[in-house]
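Peer 1: Can you keep this structure in mind? I'll have questions shortly.
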Amino acid sequence: MKWFGKAFTSMAMALAVGPAWAGGIGRPDMDEITLQKAVTPIAEEIHFLHNDILVPIILAISLLVLGLLLYCVWRFNEKANPVPSRTSHNTLIEVISAVCPAIILIIIAFPSFRLVTFQLVLPKADITIKAIGKQWNWAYEYPKDQGGGFSFDSQMKKDNELDPSKGDIRLLAVDNEAVVPVNKVVRVQVVADDVIHSFVVQSFGIRIDAVPGRLNETWFKADRVGVFYGQCSKLCGKDHAFMPIAIRVVSDKDYAAWLDDAKKKFASADPVPIKVAGTAADAPLQQ
């Protein structure tokens with residue numbers, strides 16, 4: 001029973017944490033056990049599906065199964081039934097066990113389809129940026145027709161480069177953050193130039209694979225300023241755990257000022273060409 005004691009102790013410690021139950025804003029917090037705060041319409045839909053539909057259904061099913069197990073232990077134990085029943089099946093129970101799961105799946109399906117449609121049908125974008133996954137960092141490109149015309153790499157800060165006064169977080173802070181304006185629809189084009197990566201920002205409710213030779217798209221609309229962190233969620237190599245995503249959401253005025261500074265800062269950085277997978281026609285002829 002040692003495992004039970006350890007589990008009970010862990011549960012008691014989690015209950016004692018109190019506010020740590022709540023997810024952080026834009027970043028993971030120590031001991032949190034819930035989703036990060038939603039700052040986009042997509043994330044709010046995800047939280048609604050999880051908190052208001054899936055969790056109640058899961059809780060109800062768990063309590064039902066627990067109740068049935070306890071009833072069976074009490075009603076059908078050897079002492080209460082010295083002569084076991086030879087009943088092999090019950091038509092009513094079999095029908096209920098088939099129909100009820102189907103109804104539950106239908107209840108879950110409709111909000112799930114709505115959420116998937118919401119995620120995949122991109123609205124008209126106010127700005128577009130490109131995120132490029134590499135081994136092992138992210139690079140960002142801002143199109144020239146939207147005031148950009150530059151690109152830059154975003155590298156994780158080493159421990160000796162962290163500045164707590166600026167809010168730097170170990171394993172998440174980067175030297176060059178992607179910057180976007182608040183309350184604007186941002187289309188993110190995602191690609192990779194080596195292996196498959198995954199672009200994930202939990203508070204935005206977005207996750208999309210970065211695949212070599214394929215351009216994927218997602219979108220978000222942040223409703224508050226701040227820095228929001230994510231990480232690559234694909235096992236992309238030895239430094240997979242050290243390629244964080246950092247997106248700073250600012251006001252329109254600050255975004256315009258950042259664009260002017262970034263064009264000067266990254267003027268010498270030419271966009272990295274993305275190699276698309278070749279075909280047999282591209283290969284040299286064999287003699």
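Peer 1: Might you let me know whether the range 175-183 holds any residue that is farther than 28 Å from L120 by Cβ and out of contact with any helix residue (DSSP H, G or I) (no Cβ under 8 Å at 6 or more places or on another chain)?
Peer 2: The initial filter retains those residues of the range 175-183 that are farther than 28 Å from L120 by Cβ, namely 175-176.
Next, from what is left, pick out any that are out of contact with any helix residue (DSSP H, G or I) (no Cβ under 8 Å at 6 or more places or on another chain): 176.
So far as the range 175-183 goes, yes, one or more of its residues are farther than 28 Å from L120 by Cβ and out of contact with any helix residue (DSSP H, G or I) (no Cβ under 8 Å at 6 or more places or on another chain).
Peer 1: Go through (1) farther than 30 Å from D239 by Cα; (2) of a type outside the set (A, V, I, L, M, F, W, C); (3) in a helix (DSSP H, G or I) and name the single condition S88 misses.
Peer 2: (3) is the only condition that S88 fails.
Peer 1: Let me ask you something else. Confirm whether P123 is surrounded by 10 or more Cβ atoms within 10 Å (Cβ to Cβ), within 28 Å of the chain's Cα centre (by Cα) and either closer than 30 Å to V227 by Cβ or not assigned by TED's automatic domain parsing to the domain that holds P212 (or both).
Peer 2: Working: surrounded by 10 or more Cβ atoms within 10 Å (Cβ to Cβ): yes; within 28 Å of the chain's Cα centre (by Cα): yes; either closer than 30 Å to V227 by Cβ or not assigned by TED's automatic domain parsing to the domain that holds P212 (or both): yes.
The answer is yes for P123.
This table checks each residue for (1) at pLDDT 95 or above; (2) out of contact with any His (no Cβ under 6 Å at 6 or more places or on another chain); (3) assigned by TED's automatic domain parsing to the domain that holds K221; (4) part of a helix (DSSP H, G or I).
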position: T9; (1), (2), (3), (4): no, yes, no, yes
position: P19; (1), (2), (3), (4): no, yes, no, yes
position: D29; (1), (2), (3), (4): no, yes, no, no
position: I58; (1), (2), (3), (4): yes, yes, no, yes
position: W74; (1), (2), (3), (4): no, yes, no, yes
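Peer 1: Another question, then. Residues in the range 191-203: is at least one crowded, with 21+ Cβ neighbours inside 10 Å and over 15 Å from P244 (Cβ atoms)?
Peer 2: yes
Peer 1: Counting only residues that are under 10 Å from the mean Cα position of the chain (by Cα) and not in a strand (DSSP E or B), which one in the range 225-242 is surrounded by the fewest Cβ atoms within 10 Å (Cβ to Cβ)?
Peer 2: S233
Peer 1: I've got another one for you. Given the criteria in a loop (DSSP other than H, G, I, E, B) and touching a residue at least 60 places away in the same chain (Cβ under 8 Å), does V83 qualify?
Peer 2: Working: in a loop (DSSP other than H, G, I, E, B): yes; touching a residue at least 60 places away in the same chain (Cβ under 8 Å): no.
Spelling it out, it is not the case that V83 is in a loop (DSSP other than H, G, I, E, B) and touching a residue at least 60 places away in the same chain (Cβ under 8 Å).
Peer 1: Also: Inside the range 148-210, counting only strands (runs of 3 or more DSSP E) that do not spill past its ends, which hold 1 or more residues that are at pLDDT 95 or above and within 23 Å of F118 (Cβ to Cβ)?
Peer 2: Values: elements: 150-154, 178-181, 186-192, 197-201, 206-210.
Result: 178-181, 186-192, 197-201, 206-210.
Peer 1: Consider the range 227-241. How many of its residues are under 15 Å from V211 (Cα atoms) and of a type in the set (D, E, K, R)?
Peer 2: Total satisfying the criteria: 1.
Peer 1: If you don't mind, there's one more thing I want to ask. Any residue that is crowded, with 18+ Cβ neighbours inside 10 Å and closer than 25 Å to M30 by Cα - is there at least one of those in the range 141-148? Quick ask: steps written out before the conclusion?
Peer 2: Filtering the range 141-148 for residues crowded, with 18+ Cβ neighbours inside 10 Å gives 141-142, 148.
From what's left, closer than 25 Å to M30 by Cα: none.
Checked the range 141-148: no residue is crowded, with 18+ Cβ neighbours inside 10 Å and closer than 25 Å to M30 by Cα.
Peer 1: Here's something else I'd like to know. Mind listing just one residue for me: the one in the range 30-76 that is more than 16 Å from the chain's Cα centre (by Cα) and among the aromatic types (F, W, Y) and, of those, nearest to V227 (Cα to Cα)?
Peer 2: Y71
The values are calculated or read from the model by the stated rules, or taken from the named source; none is laboratory data. On a predicted model such as this, the values are computed, not experimentally measured, just so you know. No Cβ is skipped: glycine too gets one built from the backbone with ideal geometry, and neighbour counts run over all protein chains shown.
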